[in-house]
Amino acid sequence: MSDSILSQAEIDRLLNGGNSAESENFKATSGGDEIRPYDTNTQRRVIRDRMQSLEIINERFARQFRMDMFNLLRRNPDVTAGVIRIQPYHEFARNLPVPTNLNLVHMNPLRGTALFAFSPHLVSMAVDNLFGGDGREFTPTEQRIIRRIMSMAQSSYDEAWSSIFKLQTQFVRSETQIKFTNITSSPNDIVVTTSFSIEIDSHTEELDICIPFSIIEPLRELLTNPPREHSRHENEQWHSTLSHQVRDTELDLVARLAEIPTMFPEL
């Protein structure tokens, strides 16, 4: 019982709130300088896992899209995948130039809408290579060329995903202002973005792919732990080897031909 009773010195410290020296010691031990205010209006999800599979997908997309651009423009472009960024949607939208060719796509069978953003100079560069000119307002024919480039990007992206997850993108519509896209329910929602640098001759432009994290969250385990290359082939080879070894295995067979019950005196 006596252990639960406070001493007079402890009571005095509680009543006085502690002296300044103790307060300084508490601040030093508790790391008071590192405490930062928390704003509940700008919540951010902490995503620490490295999405190695998504990095593989981006590299495959860059290679396939480079070949598609060469077939379209008959020029040898250089397409390079940038780093994967995980950030709030409003930060991604804030850095987009105006106007930007924004293409909304569904990622079936996943739920949600992703964004393929072509920089305005990239569109002009592609149109100028096909038609010549100096970046004027797009005609209906030029719009069809833009749609064709977007179709190539979708095809390349689906192919890049094929070894990880069977994905089929579906074009929804195009916009020129980010406020009309609405691919997230809140500007603070987390998105996964990758910038692809496309260089043709001396011109370098960008293609941005923005995916809300909520779309690929069901595949989080698959994206952070990429499947081993040739694992399917190795499994098939293992099954074939095992079946042959089972068929060639030697066994001792014992058969009981008859059983005659008898008594010991009769024996």
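The values are calculated or read from the model by the stated rules, or taken from the named source; none is laboratory data. Owing to the predicted nature of the structure, the values given are computational and were not obtained by experimental measurement. Glycine also receives a Cβ, built like all others from the backbone with ideal geometry; neighbour counts cover every protein chain displayed. All accessible areas refer to the heavy atoms of the entire protein, side chains included, with ligands and DNA or RNA removed. Shrake-Rupley method; radii C 1.70, N 1.55, O 1.52, S 1.80 Å.
Mind giving me the nanometre distance, one decimal, between the label points for Ser197 and Leu72, set 7 Å out from Cα along Cα→Cβ?
So the label points at Ser197 and Leu72 sit 2.1 nm apart.
Take Leu242, Leu257, Leu115 and sort them by solvent-accessible surface of the protein heavy atoms, 1.4 Å probe, largest at the top. Don't jump to the answer; show the numbers that get you there.
Working: Leu242 75, Leu257 170, Leu115 0 Å².
My answer, sorted largest first, is Leu257, Leu242, Leu115.
Where in the range 195-228 does the label zone of Val172 land, with the point 7 angstrom along Cα→C-beta and an amide N cut-off under 12 Å?
211-212, 215, by backbone N distance to the label point.
Measuring with a 1.4 Å probe in the full set of protein chains, what accessible area per residue, in whole Å², belongs to the range 165-267?
On the way: 7930 Å² over 103 residues.
Result: 77 Å² of accessible area for each residue.
Highest mean first, what order results for 243-252, 104-113 on Cβ atoms within 10 Å?
Values: 243-252: 7.2, 104-113: 16.3.
The packing order, highest mean first, is 104-113, 243-252.
Out of the range 144-244, which trypsin sites (Lys or Arg not before Pro) are coil in DSSP terms and have no more than 12 other C-beta atoms within 10 Å? Intermediate values should be presented prior to the final figure.
Numbers: sites: Arg144, Arg147, Arg148, Lys166, Arg173, Lys179, Arg220, Arg228, Arg232; in loops: Lys166, Arg228.
Those that pass, being in a loop and sparsely packed, are Lys166, Arg228.
Apply 1/(1 + (r/R0)^6) to the Cβ-Cβ distance of Arg144 and Asn108, taking R0 = 35 Å, and write down the FRET efficiency to the nearest 0.05. Mind showing how you got there, number by number?
On the way: r = 24 Å, r/R0 = 0.69.
The value I calculate is 0.90.
What spacing in nm lies between the two simple spin-label points modelled at Gln52 and Ile11, each 7 Å away from Cα in the Cβ direction?
If labels sit at Gln52 and Ile11, their model points lie 6.4 nm apart.
How far apart, in nm, are the 7 Å Cα→Cβ label points at Glu221 and Thr204?
Here the modelled spin labels are 4.1 nm apart.
I want the local charge near Ala117. Using Cβ-Cβ distances under 9 Å, sum +1 for each Lys or Arg and -1 for each Asp or Glu among the other residues. Please list the in-between numbers first.
Details: positive: none; negative: Glu206, Asp208.
Net local charge, Ala117 excluded: -2.
Suppose R0 equals 45 Å. What FRET efficiency, 1/(1 + (r/R0)^6) with r the Cβ-Cβ distance, do Glu266 and Glu236 give to the nearest 0.05? Don't skip to the answer; put the middle values down first.
Numbers: r = 62 Å, r/R0 = 1.38.
The formula returns an efficiency of 0.15 here.
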